[in-house]
Structure formats: structure tokens, C-alpha cells
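See below for the structure under consideration.
The values are calculated or read from the model by the stated rules, or taken from the named source; none is laboratory data. The structure presented is a predicted model; accordingly, all values stated were derived computationally and were not measured. Positions of Cβ are generated from backbone atoms using ideal geometry, with glycine treated the same way; all protein chains shown enter the neighbour counts.
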Amino acid sequence: MARSVRAQMGSRPVLMAMAGATCIAFSAILVRLADVPPSTAAFYRCAYALPPLALLAWWERHRFGPLASRALLLSLVAGIFFMADLVFWHHAIAAVGAGLATVLGNVQVVLVPLAAWAFLRERPAVRTLAAVPIVLLGVVLISGVVGAGAYGSDPALGVLFGVLTAITYAGFLLVLRAGSSDLRRPAGPLFYATLSAAAATLPVGAGLGELELRPTWPEHGWLVLLALTSQVVGWLLIAAALPRLPAALTSVTLTLQPALSVVFGVILLDEEPSAIQFLGVAVIIAGVVLATAGPRRQPYTEPKELRDVAQPGSAPALGAGGRRFESGRPD
């Protein structure tokens, strides 16, 4: 039964990607609705996601054997970057709104290949380099320095936090990607990264005076929904679907999430970005499309030997190779 369900999901990567993008598009909306300090939202988003992720990670271990020690260590390190990403992003949401903050966070789509070039000697495609000035123009337009009537309590500060979000998220993706290329087991590394992020948020949130550990209602109802939809379901759907999609559909998926976040922010939260900020959103999305379009490897197909069930306690089969993360924010 489990193999049948998994096979059916793998055969419908477009639906998986669209469902995942829709889930994570609500992330910033749920953060706003929870109305708790940024570090509190970051901690509970991770803490409430740990039980289901632990169950999925246990299932992966039972099926494929234990996670390699290097992958485990790098997942824990990646969690530090993810903690910073969430804290910065939640501050951006407070300063410039849910929709615009999400668009700014997706600047990482350009930053990841640039960082990989700088630190891993992976030269980016020409289209990625061409997208950099386009994305930066969009950031400037959202910041409010051009025109009047920009939305947000402090748009310029929101842009600063949004760029820091993108930088730290790029670090998270690169570190986590460096530790594992086994596309069969997304939940294990995500569990350890989430655990590390939750632990790291405690001293940071306490130092910032933003940590409120006493659960309250309905705030924590929104945080539970945030953890389950974004940190668990949305992330795993995206991570499983994108390696199986052709380039054109990958680009559509990458742009769907920030676009939906802006729409949901307008409809559900009465956010009112200015015309110039909307233009900035369109410019950034155009840059993301340019950076992610074009040739890429063939969609991932799991080899037959990897579909065979590993015996509990046996060494995991060799990974299929390729990169795990090519998505926008799984938030």
C-alpha cells in the first residue's frame, strides 16, 4: 500500500508541486494571523512540526537505513541558517506585509547559484547572472524609495530584513544540499534541521526579548496550522515534486508561491501595496523566471533498485544523485 501511494504521488509531480506551492503561500498569512513576536512564531513553527517529521524520519530510517553522519551533521548546521531565515522573515512580514516579504525572500533563487559559484565553484548560467540586476531593481521598487504611498510600517526596513531572509535561506539550502543527494528521504534531513532551528531560536528569541512560551488561543491554533501546512506538508510536496519536473514547470512553480502570497495578503489581510510596489513584485518574479528557465537535467526517475524495500537496519542504497533543493521558499 505504501509503495502504491508513493508511486502514485511520484507520477503526478505537477499536482504535488502546485499543492505544495499553495500550502507554503499561506505561510506569511498565518504568521500575520497568529500575531505573536517574530521569534515566538519561528520557534513554534518548528516545534509543532517536529512530531510528524519525527514519524516520517523514522519511517525513512526503517525503510532505507540510518541517515549518514555527514548528512545529519550538515542538517543540524543548516538549521542554524533556517532559524535566522525565519526570524528575519517574520520581522520583514511585520515591516512590509506578508505578500511583499514573501516576494523578497524569493530573491534567494538568484542568490543560491551566486553563492554556489563563490563557495562551491559551480559557475551559474548566463541567464542567472542576467537576472541579478532585474531582481535588484524589483527590490528597490518594493522598498518605497521610488514614488509615494508605499505599503508597510517601514518598507525600507522590511526590504533589509527581506534581503537578509534571502541570504540566510540561501545558506540553509546550500548547507543542506551539501549533506545529501538522496531524493528518497527528504523528511530525515528536514527533521534534524527543524530540530536544530527550534533549539537555536530559544537563546536568540530570549536575547531579543521576543520569546513567549506560554501557549495562547487562537494564536497557537494558527501556529499549529502553519507548522503542519508549511513546514511538513508543503515542504515535502515541493521537495518530492521539483526534481521530477521539466524546467518550464519548475519556473512556474517557483513563481506561483510568491504571487499567491501577494494575492492572499490583499484578499485576506487587506494589504494594499502601492502601484510601484506591485511593479516591483512583477519585476522580481520576472527575474526569478529568467534565473530558473532554460535547460536542466532530465526529471528524476527513481531507479528500480532504489524502489526495492531496504531491510530494517541495513545500509542505505546509493543515492540517485542530483540536487534536492531547487525551489523557492518552503515557507
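Brief remarks follow.
- Of all residues in the stretch 115-130, those being assigned to a helix (DSSP H, G or I) and without any contact (Cβ under 8 Å) to a residue 40 or more places away in the chain number 4.
- If the condition is being farther than 24 Å from Ala115 by Cα, of a type outside the set (Phe, Trp, Tyr) and crowded, with 18+ Cβ neighbours inside 10 Å, then the stretch 142-166 contributes Gly144, Ala150, Gly152, Pro155.
- With respect to the conditions (1) closer than 30 Å to Pro273 by Cβ; (2) in contact (Cβ under 8 Å) with a residue 12 or more places away in the chain, Ser75 falls short on a single one, namely (1).
- Within the stretch 12-41, residues that are in contact (Cβ under 8 Å) with a residue 24 or more places away in the chain reach no partner that is surrounded by 24 or more Cβ atoms within 10 Å (Cβ to Cβ) and basic (Lys, Arg) with beta carbons closer than 6 Å at six or more positions or on different chains.
- Meets criteria (under 22 Å from Gln257 (Cα atoms) and not in a helix (DSSP H, G or I)) for Tyr151: yes
- Taking the stretch 255-296 as the range and being closer than 24 Å to Ala95 by Cα, buried (at least 24 other Cβ atoms within 10 Å of the Cβ) and at pLDDT below 85 as the test, the residues that pass are Gln257, Val288.
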